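Below is one structure, written out as structure tokens; the observations come after it.
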Amino acid sequence: MEVLLFLLGIVGGIFAGLVPGIGVFTTLILLYPLLIDLTITQLLILYIPLMSVSQYIGSVPALYFKIPGEATSFIATEYGHDLFWKGNYDLIPLTAIGSFVATVMSAGVIMLLPYLYEHIFYGFLSTNFVFGMILLTGACLVATCKNPWLLTVTMIATGMALGNVGFNVNTGTNFATFGSTWLSYGIPIFPFIIAVYVIPSIFALNSSTVTVKQIDSAYSSAALDVKHYLPKMMSGSMVGMIAGFVPIIGKIVGVSASRALYKHNDKHSVIVAESSNNSSIFTAMIPLFLFGVPITLGEILIFNVAETSYWDLDTAFREVLSTPTLPVTILASGIFGLVLSWPLARYFSHVFVLPTSALKICLLAIVLGSMIYLGITKHMLGFYIIVLLAFIPLGYFLRHRDVIPLIFAFIFAKMSMTVIERIII
Amino acid sequence: MKKTLLTMAMIAMMSTTASALDLVVASAPGGTYHKFTTVLAKSLQEQGIDAEVKVAGNCILGKKLWQDSEDAIMFQSEASQAVPECNVPVTADNFVNNVFTAGWVIVSKDGTLGNKMGVVSYMQQTVDDLDVTLVPYKNTREIKAAFLAGEIDSGFVVQAIADGLDADVILDTMSDNKGSFADWGNNSLTLNYYLMQKGNIDANTLKAVRNVAKFVAIADKKKMQPVVLDDMDAQLDYLMTNEQKWAK
């Protein structure tokens, strides 16, 4: 049963990483009826490979097609895609190896948890820490963005405003909903990102001469180059480990800070950011394991499900922690992710036998198909289409600009406002 | 290209298959309402009753989905009923049964409220007459984190959260002993998860909805045994009185 769940997690991770808009959380929602009867160990054996493999796989379409598999792939899409196109094919194996380095380091930390004094982690739970990290992310975005700083600040402000649209359940107030029931939901992120980022990227896509042989050669050379990149991969992993403690948006904080470390070298910054991704997803689980405090959407879902079956969930988590199950699952997931990235990168090169116009149509069909599917399952397809159409002009206007600050600010808008409200008190 | 479009059309068709009974989740996916509704759906499906879980996204859209559905069952609680935009009045006609009742406790470091008390944002109004600075959090798990981090001196949380904390419990709203809070008007506040119905749902289905074994097991495990009164008027009065304490 456990092996089947692990394999299901691997398949789910490939699905979440490959299909635009279908991240880890949405995949978990699709599997929800299955989750209800699982034990906490089984839930983690499914969840860990799902989120880990999605990180490895997400980088491949991000570098090839500039289509982000999930939010943290934006560094790879924005700063890695052009390099890949110019012949830096070793970016795929190097980001995968960087992710694996992060995975090994994270497995080590998780293995040590039962022997660490848990009070050292209390500081990471405080609002001041989260607030500090949000400020740091804003500063990193301004410092590393390729736009003039004023445009970057304007984008951050716009992203914050757009991200806060909707009904705030916490305060019982509406912001910029103009009496619309649909807007009470807020601006859905997927059609927004398709409009401002994905469609302009697809239209700008050029033909490529990348071949399977070049990919194989890139993997061979990357294996020899690892020594050169290892310190950077480790520093990215460390940044990700600290950023992982920030609720909900930890991965974004991590990749923004990692990019800032190597802002003068896009290749290094992409490798470091991808390493950061993978370590942050695991340290984000530490508050859950030690204190029963889930801090990411996926963890909240897992915690909620597990809660129905356990009288004392905190103790159940600690019992899991005292076994080798977690480090072994994390390492096995990393090995699968690393190995799977190679054939995937090879097969993607075949796509370029298509004429560029046909490739663009196919990519658009996949992205819009995903959006239509999500819109239908969420009973708001019409709203999704309206949002898409409404933001296409903005995407066109910003097509030659770096829109990462706009997107990242949009994603962490609600969290930032909540934290600022609390800091003021 | 044709194949891609055909596949997309098939996925869309599969996603919109008609179902006899809608189980409306008037909140975001992955949360408590979604969990309880999925348990209900599985129980009904095991008994051969066709039901589909529909997740609205938030309580406003949940109300809309509820209004648009023909035959539907929906979980509700005072937490969302207290929001005017989300309120679906509970009546003798649409009330099915009370499934869970959760009490609230005040946990403290030193036996007093201290200077700052953590409270869930949407229920600040229930405790705003206590003599302490209120710090809002999204949910009780965030309050737990803040308590551990030393950010607050006390917290208003559900029993399950309090069980996992090394803290003094200075009020339990389900207990007869109210301690130093005997004069506080909201010292009996509870959170009830109950089911509502609409449309033409047959008696067998309703019987199945009222008898979900896993709900009983969850209530036992989580100390959430529902307050169930024999008289319908008394039951509704209990829920409405409690709801008014939550209202802003």
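List the helices (runs of 4 or more DSSP H) inside the range B:9-118, counting only whole elements, that have at least 1 residues being among the β-branched types (Val, Ile, Thr) and over 30 Å from A:TYR47 (Cα atoms).
Working: elements: B:32-46, B:59-68, B:78-81.
Counting at least 1 such residues, we get B:59-68.
Within the range B:47-99, restricting attention to residues that are within 23 Å of A:LEU34 (Cβ to Cβ) and not aliphatic (A, V, I, L, M), the residue that is modelled with the lowest pLDDT is B:GLY57. Any residue in the range A:125-144 that is without any contact (Cβ under 8 Å) to a residue 12 or more places away in the chain and outside any helix (DSSP H, G or I)? For the range A:125-144, residues without any contact (Cβ under 8 Å) to a residue 12 or more places away in the chain and outside any helix (DSSP H, G or I): present.
Which residue is surrounded by the most Cβ atoms within 10 Å (Cβ to Cβ), if the candidates are limited to the range B:198-212 and must be assigned to a loop (DSSP other than H, G, I, E, B) and touching a residue at least 24 places away in the same chain (Cβ under 8 Å)?
Step one: list which residues in the range B:198-212 are assigned to a loop (DSSP other than H, G, I, E, B), which gives B:199-202, B:211-212.
Now narrow it down to the ones that are touching a residue at least 24 places away in the same chain (Cβ under 8 Å): B:199-201, B:212.
Working: B:GLY199: 13, B:ASN200: 7, B:ILE201: 17, B:VAL212: 21.
Among them, the one singled out is B:VAL212.
Quick one: is B:ILE161 of a type in the set (Val, Ile, Thr) and out of contact with any Gly (no Cβ under 9 Å at 6 or more places or on another chain)? No. For the range B:133-154, a residue qualifies if it is more than 12 Å from chain A (Cβ to nearest Cβ) and either within 21 Å of A:ILE420 (Cβ to Cβ) or part of a loop (DSSP other than H, G, I, E, B) (or both), and exactly one does: B:ASP153.
Of the residues making up the range B:171-180, just one is crowded, with 18+ Cβ neighbours inside 10 Å and over 16 Å from B:THR101 (Cα atoms), namely B:LEU171. In the range B:155-170, how many residues are more than 14 Å from every other protein chain (Cβ to nearest Cβ) and buried (at least 20 other Cβ atoms within 10 Å of the Cβ)? So the count comes out to 1. Using the structure shown, decide if A:PHE84 is assigned to a helix (DSSP H, G or I), buried (at least 21 other Cβ atoms within 10 Å of the Cβ) and within 14 Å of chain B (Cβ to nearest Cβ). Taking the combined requirement at face value, the residue does not satisfy it.
Could you tell me which of the residues A:ILE120, A:ILE134, A:ILE156 is of a type in the set (Val, Ile, Thr) and in contact with a Gly (Cβ under 9 Å, 6 or more places away or on another chain)?
Working: A:ILE120 fails: in contact with a Gly (Cβ under 9 Å, 6 or more places away or on another chain); A:ILE134 fails: in contact with a Gly (Cβ under 9 Å, 6 or more places away or on another chain).
Answer to the selection: A:ILE156.
Taking the range A:294-326 as the search range and keeping residues that are under 22 Å from the mean Cα position of the chain (by Cα) and free of Cβ contacts under 8 Å to residues at least 12 places away in the same chain, which one is farthest from A:VAL109 (Cα to Cα)? Reasoning before the result, please.
The first filter runs over the range A:294-326 and keeps only residues under 22 Å from the mean Cα position of the chain (by Cα), leaving A:294-304, A:326.
Restricting the remaining residues to those that are free of Cβ contacts under 8 Å to residues at least 12 places away in the same chain gives A:294, A:300, A:304.
Numbers: A:PRO294: 18, A:ILE300: 21, A:ASN304: 25 Å.
Checking each candidate, the answer is A:ASN304.
Conditions (1) under 18 Å from A:PRO68 (Cα atoms); (2) in a helix (DSSP H, G or I); (3) facing another protein chain (nearest Cβ under 9 Å), marked per residue:
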{"position": "A:VAL339", "(1), (2), (3)": "no, yes, no"}
{"position": "A:ALA345", "(1), (2), (3)": "yes, yes, no"}
{"position": "A:SER357", "(1), (2), (3)": "no, yes, no"}
{"position": "A:ILE361", "(1), (2), (3)": "yes, yes, yes"}
{"position": "A:LEU364", "(1), (2), (3)": "yes, yes, no"}
{"position": "A:TYR373", "(1), (2), (3)": "yes, yes, yes"}
{"position": "A:ILE385", "(1), (2), (3)": "no, yes, no"}
{"position": "A:LEU388", "(1), (2), (3)": "yes, yes, no"}
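Consider the range A:281-315 and keep the residues that are assigned to a helix (DSSP H, G or I) and away from every other protein chain (no Cβ under 11 Å). The one that is surrounded by the fewest Cβ atoms within 10 Å (Cβ to Cβ) is A:PHE289.
The values are calculated or read from the model by the stated rules, or taken from the named source; none is laboratory data. Not measured: the values here are computed from a predicted model. Cβ atoms come from the backbone with ideal geometry, glycine included; neighbour counts cover every protein chain shown.
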